[in-house]
Each structure stands twice: as structure tokens, then as C-alpha cells.
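The structure appears below as C-alpha cells.
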Amino acid sequence: MSSLAYNPSLTCGKFLRSNQFVRVIVGPIGSGKSSACVVEILRRAAEQKPDKKKVRNSRFAIIRNTYRELNDTTRRTFEQWLPPEMGKWDKQEFSFVIDKPLPDGTRLHIEVLFRALDRPEDVKKVLSLELTAAYFNELREVAKEVFDGVQGRVGRYPAKKDGGSSWDGIWGDSNPWHQGHWLQKLERDAPEGFEFFHQPGGRSQLAENLENLKTDYYKALCHGKDSEWIRVYIDGEIAVSDVGSIFGPLITAVEKRGGISDFAHPLTDVFTNFDIGISDAAAIWFWRINEHGVADIVDFYASSGKPLSHYLEVLEKKPYKYIKHWLPHDARNRTFATGASTLEIFQNHLRDKPEGHGSVAISPGLSIADGLAAARWHLEQPVRFHSRCDVPIPNDTGGDDHPSGLEAMREYKFEWDEVNKVFSKKPVHNWASNPADAFRYVSCVVKASELIVRKPPEPTKKVTMMTLPKMKLDELWSTAPNLNRNGRI
């Protein structure tokens with residue numbers, strides 16, 4: 001077994017002593033919370049009662065939102081406490097197995113499955129798993145649908161006929177989340193069996209894990225960071241908007257000025273913008289042009305695992321009269337299954353429809369950077385969102401609700417560069433991507449329209465052109481000053 005000794009900090013100790021079904025430890029970076037969560041795997045495995053063959057069997061899943069972070073960051077922490085020589089890696093399955101004898105004559109058999117669950121739809125990856133328990137690394141980055149789905153997969157290994165599990169549950173670590181995050185709501189209304197543990201900030205006198213950090217670690221980390229980043233990642237406090245969020249602060253500003261409300265609006269002259277996917281959640285924003293020449297966002301819809309016909313039915317059931325439906329640029333691509341593109345299917349569907357069903361077009365083609373700039377510009381204009389855009393979308397198949405459009409906008413963020421400790425310029429592709437990308441397309445349409453209809457500025461004053469009299473060359477030459485007859489000065 002590992003020769004490393006683990007001495008938990010005060011908060012980590014309380015976290016490890018708890019037997020609640022769901023436990024979450026929250027704190028600044030470098031506070032030792034991830035190490036506590038990895039050690040918990042080994043501890044719970046050793047406590048598992050042996051079967052008839054005197055084997056202590058357990059199976060754990062370690063879950064993070066993206067494969068890159070799971071492999072580059074989570075695995076690194078895991079191997080600090082459970083080094084490769086303790087077991088055997090299966091690269092294809094991305095799993096680690098420990099099979100070791102214990103001093104009491106029993107044998108410890110642990111399976112640790114590493115799973116990246118980038119989107120709510122990826123919960124299907126664990127629906128067939130039989131787990132003892134699960135650990136979510138950086139839980140705030142995972143969609144609630146995934147978190148809820150995994151709860152039904154723990155406590156199922158070992159099987160009851162083999163003695164069952166001595167303890168089962170879920171635990172996770174996280175940096176603080178932002179206002180309105182689903183974890184904030186869960187903590188506020190925590191059901192029985194859920195417990196949250198908050199570590200002190202890195203600059204406080206009670207800061208934890210300082211003995212394992214270099215001198216002035218947090219002081220040095222503050223250099224070049226804005227106050228909101230410091231507030232969350234160093235002081236361990238809840239954020240006003242999600243740090244690293246691309247649109248979060250702007251959505252917060254829209255909300256503060258009253259831009260999210262139950263405003264009245266006509267049902268006519270409605271546009272839609274799509275971002276379409278099957279494995280990803282497809283998203284639709286419904287909007288109108290307001291008196292300021294920008295969008296009133298009147299509705300939002302999202303679903304997943306559905307064909308295009310489902311979304312065409314959604315358009316029919318909504319009470320709106322449409323002008324145009326804007327599709328993403330990849331709607332031109334033909335699929336192998338149908339031999340037709342999304343654009344062609346849409347066009348065929350609308351061909352014989354009466355007025356009010358709208359036409360279809362491809363959104364303006366802008367780079368991601370230009371599209372993000374257009375969306376930021378748009379959010380700084382007098383745009384409004386109807387409150388229904390901030391309500392989760394009911395799942396018509398009986399599963400968990402889809403997050404609201406505005407929740408996805410708040411969660412859309414840049415990738416974190418773990419090496420350089422900065423946010424990159426590339427957005428994270430997760431459950432929030434499609435709704436946020438669809439809004440980006442809305443903004444591209446609005447921005448392009450604004451540029452087309454923009455009137456040229458009026459001149460500040462009229463310029464009178466001087467009319468010169470017609471003159472012969474000799475006459476013109478004679479008017480030149482300071483010239484002699486030979487034309488020399």
C-alpha cells in the first residue's frame with residue numbers, strides 16, 4: 001500500500017468523518033479538498049465488509065466535466081495518493097484496479113472508473129454502471145442532470161446477494177459557485193442526507209493546507225488577477241457571476257437594470273435561432289426586434305436526443321407567427337441517414353405552409369471570436385429577456401428538466417489553463433454550449449442587420465466647394481506670386 005501519510009485539515013477531517021449520503025466540500029484552490037476526496041476512496045474501500053472469499057470489493061467512479069481536465073488534473077491528484085505501483089491502469093477503459101492483501105487476512109479489490117461527463121446527455125454513460133460510490137471532482141462544473149442521475153447508480157456494488165455495500169454515497173469537491181447556481185439552491189434547501197463543508201479563505205488566519213504550499217502561495221497568486229477571481233479562487237467566497245463566464249457578468253447587469261421580466265409583447269413578427277444537435281442539447285431562442293433595434297428575447301426551448309421533426313413540432317405548438325428561422329452554418333451539411341441537409345428538410349417542411357410559419361435562412365458566418373464580440377455588444381444594448389427564458393424546460397420523457405436558457409448563458413465559460421493558471425480564449429464545450437451558441441447566432445443576425453440599416457452620420461457642417469474661374473495657362477502663370485518672367489523665384 002502507499003507509504004504516504006495523510007493528515008487532514010480541520011474542515012477536511014469533518015468532511016471525512018461524515019457518513020451523509022451526499023457530501024460536498026467547498027474552498028479555495030490549493031486547500032487540499034481534492035486530496036481528501038481521493039483518500040476517501042481508499043478509506044471507504046478498506047471499510048467494505050469482506051465477502052465469503054474474504055475479499056473487500058468496491059467500485060468507484062471519479063467524474064469530471066471534461067476528459068482533458070479529468071486526465072490532466074484529476075488523475076494527477078489521484079496518483080499522488082494512489083501511485084501507479086499500487087495497482088494497474090487500463091488505458092482503454094480509463095480505469096485503475098487495486099488488488100492487494102491486507103494484514104487481517106482479507107483482500108482489498110478496488111475498481112476506480114474515470115468518467116468525463118461533458119454534457120447532461122452523457123449521463124447515459126453511467127446508466128449501466130453498478131457502483132459503490134462516486135466522487136465528483138469540481139462539482140460546480142457538472143450539470144445537475146448528471147449529478148442526479150449518478151445518485152441512482154451508487155449502492156449497487158457489490159450486489160445484495162454478495163453482501164451488499166457497507167456504505168454508499170456521493171461526495172465532491174468544488175471551488176465556490178456563482179449566484180443562482182444549482183448547487184447554491186441545493187445547499188439552501190438541502191434535503192436530509194446532504195451536507196456541505198466550507199473551508200476558510202486562503203488569506204485568512206484559519207487558511208488550511210498552508211504547510212503543503214510554497215511560501216506566500218496565495219499572495220503570489222493574486223498578481224494579475226481581478227477582484228472577482230480573487231474572491232472565488234483565493235478567498236473562497238461565492239461569486240456574483242461565474243468566474244471565467246463569457247456572458248455571466250453581462251447577464252447580471254441585464255438583470256440589475258430590469259432586463260429580465262414578464263414584459264408584454266405581440267406574438268407576431270417572431271424570429272428564431274437554432275443550434276441543432278442530437279447527442280448535444282439542441283436549443284432555440286425566440287425573439288423580436290424591439291423599438292431600440294435590438295432583440296426582445298421572448299422564449300427559449302431545449303431538448304436532447306430528438307430528431308429535427310420534434311423541433312418543427314415545437315415551432316408549430318408555440319403561439320407565435322414567424323418571419324424567419326435562422327439555422328447554424330452546418331445546417332447545410334447532408335446527413336448519411338437522410339441524404340438531405342437540415343436546411344433542405346426545413347425548406348421542404350415550410351414550402352406549403354401558410355403565412356406566419358416563416359422562411360428559413362443560414363445565420364451570418366462569423367468566427368467564434370467575432371460572434372462572442374457580437375453577443376457581448378448585444379447584451380450591452382437595451383435587450384430584454386422574458387422571465388420564461390429563466391425557467392427550466394420540462395422533460396417530456398419524464399427525466400430531469402433541462403436547464404433554462406439564461407442558466408446556460410451564465411455557465412458558458414472559457415477553458416481553464418491549469419498550467420498557466422489563466423482562462424484560455426476557447427469556450428468549454430459542455431451542456432451550456434448549444435444554448436449559448438444559439439444566442440451568439442441571434443446576436444450575429446441582429447448585429448448584421450444593425451450594420452445594414454445603419455444610416456450614415458450627417459456631416460457636422462456643410463462644406464461649400466469653391467468654383468475657380470476658367471483660365472489659360474499663361475494667365476494662371478501670371479498670377480503666381482514672387483515669380484520673375486522666366487518663372488524663377
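The values are calculated or read from the model by the stated rules, or taken from the named source; none is laboratory data. Quick caveat: nothing in here was measured; it's all calculated off a predicted structure. Here Cβ is always computed from backbone atoms with ideal geometry, including for glycine, and neighbour counts include all displayed protein chains. With ligands, DNA and RNA removed, areas are computed over all heavy atoms of the protein, side chains included. Shrake-Rupley method; radii C 1.70, N 1.55, O 1.52, S 1.80 Å.
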(request) Return the long-range amide H neighbours of TRP177 (sequence gap of 5 or more, or a different chain), with a cut-off of under 5 Å between placed amide H atoms. (result) ALA239
(request) Identify, among GLY293, PRO307, TRP326, the residue whose Cα sits farthest towards the positive end of the charge dipole of the range 269-330, taking +1 on the Cβ of Lys and Arg and -1 on the Cβ of Asp and Glu, with the dipole about the Cα centre. (result) PRO307
(request) Please calculate the 1.4 Å probe accessible area of ILE25, with all protein chains present, and give it to the nearest 10 Å². (result) 0
(request) Output the Kirkwood hydrodynamic radius of the range 1-135, Cα pairs only, in Å rounded to one decimal. (result) 15.9
(request) Would you kindly derive the ³J(HN,Hα) couplings of the range 440-446 from the backbone phi angles with the Karplus curve 6.51 cos²θ - 1.76 cosθ + 1.60 (θ = phi - 60°), listing them in order in whole Hz, with x for Gly and Pro? (result) 4, 5, 4, 5, 5, 5, 5
(message) How large is the translational diffusion coefficient of the range 137-255 in µm² per second when you combine the Kirkwood radius over alpha carbon pairs with Stokes-Einstein at 20 °C and 1.002 mPa s?
(response) 126
(message) Bin width 10 Å, origin at 0, all Cα-Cα pairs of the range 70-212: what percent of pairs per bin?
(response) 9, 32, 36, 20, 3, 0
(request) For the range 357-404, just the Cα atoms, rotate onto the principal axes and tell me the three extents in Å, largest first. (result) 38, 27, 24
(request) Working from the alpha-carbon coordinates of the range 231-333, get Rg over Rh, Rh being the Kirkwood radius. (result) 1.05
(request) Work out how much length ALA159 to GLU355 would gain on full extension: take 0.36 nm times their residue separation and subtract the Cα-Cα distance, in nm to one decimal. (result) 64.5 nm
(request) Considering only protein heavy atoms, with the full assembly of protein chains and a 1.4 angstrom probe, order LEU206, LEU327 by accessible area, largest first. (result) LEU206, LEU327
(request) Using θ = phi - 60° and the Karplus relation 6.51 cos²θ - 1.76 cosθ + 1.60, list the HN-Hα couplings for the range 77-84 in order, rounded to whole Hz, with x at every Gly or Pro. (result) 5, 4, 6, 5, 9, 10, x, x
(request) Give the Cα extents of the range 23-67 along the principal axes, in whole Å, largest first. (result) 44, 22, 15
(message) Keeping all protein chains in place and using 1.4 angstrom, which order do ASP148, ASP189 fall into by accessible surface area, from largest down?
(response) ASP189, ASP148
(message) Just to be sure I understand the curve: with the Debye formula and one point per C-alpha of the range 169-225, what is log10 I(q)/I(0) at q = 0.17, 0.30 Å⁻¹?
(response) -0.77, -1.28
(request) Enter the accessible area per residue of the range 126-267 (Å², integer; probe 1.4 Å; all protein chains in place). (result) 46
(request) Collect residues whose amide H, placed 1.01 Å from N in the peptide plane, falls under 5 Å from the amide H of GLY358; neighbours closer than 5 in sequence don't count. (result) TYR322
(message) Rounded to the nearest 10 Å², what accessible area does TYR441 have for a 1.4 Å probe in the complete protein model?
(response) 30
(message) Skipping prolines and chain starts, which residues have an amide H placed within reach, meaning under 5 Å, of the one on THR66, given they are 5 or more residues away or on another chain?
(response) LEU117
(request) Go ahead and run the numbers for FRET between HIS310 and THR215, Cβ-Cβ distance against an R0 of 60 Å, rounding to 0.05. (result) 0.55
(request) Can you tell me how much longer the chain between LEU129 and GLN184 gets when fully stretched, taken as 0.36 nm per residue apart minus their C-alpha distance, in nm with one decimal? (result) 17.0 nm
(message) Can you find, among VAL232, PRO200, ILE246, the residue sitting farthest towards the positive end of the charge dipole of the range 196-353, where Lys and Arg contribute +1 and Asp and Glu -1 at Cβ?
(response) ILE246
(message) Report, in listed order, any pair from LYS49/LYS160; LYS353/LYS447; LYS324/LYS353; LYS88/LYS426 with a Cα-Cα distance greater than 23 Å.
(response) LYS353/LYS447; LYS88/LYS426
(message) At 1.4 Å probe size, what's the solvent-accessible area of HIS357? Round to the nearest 10 Å².
(response) 50
(message) Just want the answer: with Cβ charges of +1 for Lys and Arg and -1 for Asp and Glu, which residue in SER18, ALA46, THR77 is farthest toward the dipole's positive end in the range 1-79?
(response) ALA46
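Ratio of the range 70-122's C-alpha Rg to 2.2 N^0.38 Å, to two decimals?
The reported ratio for this selection is 1.35.
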(request) Assuming R0 = 56 Å, can you tell me the calculated FRET efficiency for the pair LYS14 and GLU291, based on Cβ-Cβ distance, to the nearest 0.05? (result) 0.50
(request) Determine the sum of side-chain charges near SER204: Lys and Arg each +1, Asp and Glu each -1, restricted to other residues whose C-beta is under 11 angstrom from that of SER204. (result) -2
(message) For the range 103-174, place one equal point scatterer on every Cα, skip the solvent, and apply the Debye formula. What is log10 of I(q)/I(0) at q = 0.17, 0.18, 0.22, 0.27 Å⁻¹?
(response) -0.67, -0.73, -1.00, -1.34
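Which sequence of HIS386, HIS329 reflects their accessible areas, 1.4 Å probe, from the largest down?
So, going from the largest accessible area down, we get HIS329, HIS386.
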(message) Place a point 7 Å from the Cα of ARG388 along the Cα-to-Cβ direction; which residues of the range 300-334 have their backbone N under 20 Å from it?
(response) 300-304, 310-326
